[in-house]
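The values are calculated or read from the model by the stated rules, or taken from the named source; none is laboratory data. These numbers were taken from a predicted model, which means no experiment stands behind them. FYI the Cβ positions are ideal-geometry reconstructions off the backbone, even for glycines, and counts take in every protein chain you see.
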């Protein structure tokens with residue numbers, strides 16, 4: 001089982017580097033990184049929670065399809081190039 005660090009307000013994964021899907025093999029490793037992130041950003045430890053990777057679900061958001069105008073529901077952590085509301089998605 002692996003663990004991820006999630007912001008309580010948004011439900012999105014918080015990492016200490018460029019890798020957006022960073023998962024930690026043990027709970028103590030995730031707890032140490034959470035403490036490090038909170039000290040670096042000046043947050044309290046209560047603002048971040050540790051969740052098992054297999055139970056994590058990204059929050060959903062509704063965007064408007066750029067070509068058809070229809071509403072589409074996608075994960076909030078979807079990259080911009082995979083978002084049907086972006087011109088980048090349709091020009092690739």
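A few points about this structure:
- Odd one out for residue 66 among (1) in contact (Cβ under 8 Å) with a residue 40 or more places away in the chain; (2) more than 16 Å from the chain's Cα centre (by Cα): (1)
- Checked against (1) touching a strand residue (DSSP E or B) at 6+ places or on another chain (Cβ under 9 Å); (2) under 21 Å from residue 78 (Cβ atoms); (3) not assigned by TED's automatic domain parsing to the domain that holds residue 86, residue 64 passes all but condition (3).
- Those residues of the stretch 55-85 which are in contact with a helix residue (DSSP H, G or I) (Cβ under 9 Å, 6 or more places away or on another chain) and within 22 Å of residue 19 (Cβ to Cβ), in sequence order: 74, 80, 81, 82, 83
- Matching strands (runs of 3 or more DSSP E) fully within the chain where at least 2 residues are surrounded by 15 or more Cβ atoms within 10 Å (Cβ to Cβ): 3-7, 48-52
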